[in-house]
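The next block holds one structure in the form of structure tokens; read it before the comments.
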């Protein structure tokens, strides 16, 4: 049975969506652990309520980013992760960490990549005047938000939207596509060809909401 380790920094709503979908659909999967970079992360409470091992590795207790990532890597390896899921993990990971988990490290980004990588995506989308926005699940590579895209969801930008209303619509879309991407990975359906991800057998990698 494949094992997932999830990394969070806050409430972990995408982690919760993945766990609940797995429970509802009866996935054969082991949620081996959740790790937060500080003990106040609310998602740790949800993990404990589901009987999922929950850990905090305080990044402030490490003098360097490399030291923190080394401790994180050790814990993930101890837990036996087949897949590492970033669910609102607000840390820039070092190249060594990313290389160690290459091909089994995925993230969700609140934009239709390659548009709006980085931070403040909703504000930037509104400033740019786009008519649709959304979210992307992708493999993590050393370039920020540049990894091969597994799937995306688009949502309309409505008249009168502000960053908060748009963010809420995008978050609801995230909760639909992240479990889908994780299930595809667990089922062995993903193939990376160049910088593209193919789903076998083919299935739409873009949903419009």
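The values are calculated or read from the model by the stated rules, or taken from the named source; none is laboratory data. Small disclaimer: the values here were computed from a predicted structure and weren't measured. Note that each Cβ is placed from the backbone with ideal geometry, even for glycine, and that neighbours are counted across all protein chains shown.
The requirement of being in a loop (DSSP other than H, G, I, E, B) and either under 22 Å from residue 176 (Cα atoms) or out of contact with any strand residue (DSSP E or B) (no Cβ under 9 Å at 6 or more places or on another chain) (or both) is not satisfied by residue 4.
Only a single item in (1) assigned to a helix (DSSP H, G or I); (2) free of Cβ contacts under 8 Å to residues at least 60 places away in the same chain; (3) touching a helix residue (DSSP H, G or I) at 6+ places or on another chain (Cβ under 8 Å) is not met by residue 153, and it is number (1). When residue 115 is tested against (1) assigned by TED's automatic domain parsing to the domain that holds residue 196; (2) farther than 27 Å from residue 151 by Cβ, exactly one condition is not met: (2).
Residues of the stretch 126-150 that are within 16 Å of residue 109 (Cβ to Cβ) and touching a helix residue (DSSP H, G or I) at 6+ places or on another chain (Cβ under 7 Å): 133, 134, 135, 137, 140, 141, 142, 150.
Within this structure, residue 39 passes the test of being exposed (fewer than 13 other Cβ atoms within 10 Å of the Cβ) and not assigned by TED's automatic domain parsing to the domain that holds residue 172. Only one entry in 206, 186, 158, 190 is in contact (Cβ under 8 Å) with a residue 24 or more places away in the chain and touching a helix residue (DSSP H, G or I) at 6+ places or on another chain (Cβ under 8 Å), namely 190.
Select from the stretch 13-25 the residues that are in contact with a strand residue (DSSP E or B) (Cβ under 8 Å, 6 or more places away or on another chain), in contact (Cβ under 8 Å) with a residue 60 or more places away in the chain and more than 12 Å from residue 174 (Cβ to Cβ) and list them in ascending order. 22, the sole residue that qualifies.
What residue, of 68, 97, 46, is outside any loop (DSSP other than H, G, I, E, B), closer than 29 Å to residue 165 by Cβ, in the same structural domain as residue 31 (by TED's automatic domain parsing) and touching a helix residue (DSSP H, G or I) at 6+ places or on another chain (Cβ under 7 Å)?
46
Quick one: is residue 120 under 25 Å from residue 166 (Cα atoms) and out of contact with any helix residue (DSSP H, G or I) (no Cβ under 6 Å at 6 or more places or on another chain)? Taking the combined requirement at face value, the residue satisfies it.
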